[in-house]
Ligand SMILES: C[S@@+](CC[C@H](N)C(=O)[O-])C[C@H]1O[C@@H](n2cnc3c(N)ncnc32)[C@H](O)[C@@H]1O
């Protein structure tokens with residue numbers, strides 16, 4: 001644990017794959033509560049850090065945590081997908097970290113609406129400047145669009161039935177809260193708790209969250225643009241928490257490592273994704289579905 005009750009996922013593995021011993025700039029694209037960033041700065045006094053987060057509340061927490069290293073940390077309230085457009089000297093970059101999805105702080109704040117078993121508004125925005133909320137999706141999106149979101153982003157078998165019922169029920173009474181939506185999902189999907197079975201609301205909430213925050217959009221393009229700009233030997237480490245994101249990272253790394261018409265840009269360092277040990281999962285259940293992939297610029 002490194003402060004605030006927050007445990008950074010796959011910490012030692014990330015630090016090893018990022019090769020944090022070099023002098024230069026390390027970029028944490030998803031600074032969150034600053035868990036990984038803190039350890040990079042603490043263990044390497046010659047490292048400078050650039051951090052991004054679209055959630056200004058998280059950014060404030062990270063700023064506080066990283067205060068001891070303030071003279072070599074720069075934080076941006078921005079989508080990391082703008083990184084390739086920044087006017088910085090990319091030749092100084094030694095490593096880039098992506099720890100995708102939401103933080104434990106966001107999940108544990110009921111007023112943000114990310115958790116299906118805590119009463120809160122239908123929000124789910126990481127960036128509060130975003131005009132699309134979960135409320136808009138559930139109460140306004142057409143049925144076909146809901147089917148597509150539940151199917152593509154939630155991989156939910158009952159996508160059609162659920163979308164049809166939501167559209168029919170919202171005509172009587174609009175959906176207001178997370179728990180109201182959760183109870184409706186349980187009822188329509190005829191949920192009976194069973195060991196090893198994922199709660200259907202977990203899939204529905206994941207799907208809505210991905211749509212609200214456009215989480216998959218531009219990820220592949222970002223990795224490609226950043227890989228082009230990095231100097232030789234710089235590392236990229238990316239942690240994902242669901243298969244859709246992992247698939248994008250895996251295929252993009254593979255394409256950039258085996259570019260048929262030009263020179264390859266990357267060497268893949270993790271033939272298979274690195275996953276947490278049983279011990280880490282026992283200490284931090286959020287790590288359960290984490291997968292780390294890493295590559296080096298060649
Ligand atoms: C899993 S948490 C990172 C936790 C962090 N590694 C730590 O140890 O404290 C992911 C963070 O990334 C942020 N985030 C997600 N997508 C983003 C994006 N496109 N640009 C910038 N930040 C993003 C979220 O707001 C969240 O704070």
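The values are calculated or read from the model by the stated rules, or taken from the named source; none is laboratory data. Computed from a predicted structure; not experimentally measured. Note that each Cβ is placed from the backbone with ideal geometry, even for glycine, and that neighbours are counted across all protein chains shown.
Candidates are the residues of the range 117-141 that are free of Cβ contacts under 8 Å to residues at least 24 places away in the same chain, surrounded by fewer than 17 Cβ atoms within 10 Å (Cβ to Cβ) and more than 20 Å from the chain's Cα centre (by Cα); the one that is nearest to residue 216 (Cα to Cα) is 136. The residues of the range 91-105 that are surrounded by 17 or more Cβ atoms within 10 Å (Cβ to Cβ) and either modelled with pLDDT of 95 or more or outside any helix (DSSP H, G or I) (or both), listed by number, are 93, 94, 95, 96, 97, 98, 99, 100, 101, 102, 103. Meeting the requirement of 3 or more residues that are within 14 Å of the ligand (Cβ to nearest atom), under 25 Å from residue 230 (Cβ atoms) and in contact (Cβ under 8 Å) with a residue 12 or more places away in the chain, the helices (runs of 4 or more DSSP H) wholly within the range 1-72 are 11-18, 35-43.
Filtering 180, 206, 194 for residues that are modelled with pLDDT of 95 or more, out of contact with any helix residue (DSSP H, G or I) (no Cβ under 9 Å at 6 or more places or on another chain) and not assigned by TED's automatic domain parsing to the domain that holds residue 82 leaves a single hit, 180. For first residues located in the range 94-107 and more than 18 Å from residue 127 (Cβ to Cβ) and not assigned by TED's automatic domain parsing to the domain that holds residue 124, partners that are in a loop (DSSP other than H, G, I, E, B) and more than 8 Å from the ligand (Cβ to nearest atom) and lie 6+ apart or on another chain with Cβ distances below 7 Å form the pairs 94/22; 94/234; 95/19; 95/20; 95/234. Note on the range 226-250: among residues that are within 17 Å of the chain's Cα centre (by Cα) and surrounded by fewer than 16 Cβ atoms within 10 Å (Cβ to Cβ), the one that is farthest from residue 207 (Cα to Cα) is 247.
Screening 80, 114, 76 for residues that are touching a residue at least 24 places away in the same chain (Cβ under 8 Å), within 12 Å of the ligand (Cβ to nearest atom) and more than 27 Å from residue 229 (Cα to Cα) leaves exactly one candidate, 114.
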